[in-house]
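Read through the structure below, which is laid out as structure tokens, and then see the notes.
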Amino acid sequence: MSSTLNVARYTALLSGVFYGIYHRRSLQKAHDQDKEHHAIHQRTQLIAQAKDAWKHKQESAKGSDGVITNPEDPRFDLEKLVAKWEKDL
């Protein structure tokens, strides 16, 4: 084989390897940016849900005079609930 053909083959091989490295880095960078964007979006959704839950909790506490009506809640007090019902009548 001629040396020119070997030079062309190895040049093509090395060019392909370097292009593969460059392309992999660009794909990885795009993936990392997408992953970061998704994480930020997820955090903002969680913050919005937490704010809504806090607002709902504050509104329910104001509306019911702080009386817990859920019997499954460990802070449930039957005497306070009955007193509230008597007051409302």
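The values are calculated or read from the model by the stated rules, or taken from the named source; none is laboratory data. Fair warning: this is a prediction, and the values are worked out from it, not measured in the lab. Using ideal geometry, Cβ is built from the backbone for each residue, glycine included, and neighbour counts are taken over all protein chains shown. Note: areas computed on protein heavy atoms with side chains; ligands, DNA, RNA excluded. Shrake-Rupley method; radii C 1.70, N 1.55, O 1.52, S 1.80 Å.
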Practice problem: Could you check how many residues of the range 1-16 are open to solvent by 80 Å² or more (accessible area, probe 1.4 Å) and of a type in the set (Gly, Ala, Ser)? | Solution: 1
Exercise. Return a yes/no flag: does the range 28-41 have any residue that is in a loop (DSSP other than H, G, I, E, B) and either at positive phi or without any contact (Cβ under 8 Å) to a residue 24 or more places away in the chain (or both).
Key: no
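Listed here are the residues, each with its yes/no results for (1) surrounded by 10 or more Cβ atoms within 10 Å (Cβ to Cβ); (2) modelled with pLDDT of 95 or more.
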site: Phe18; (1), (2): yes, yes
site: Glu36; (1), (2): yes, yes
site: Lys51; (1), (2): yes, no
site: Lys55; (1), (2): yes, no
site: Glu59; (1), (2): yes, no
site: Ser64; (1), (2): yes, no
site: Lys87; (1), (2): no, no
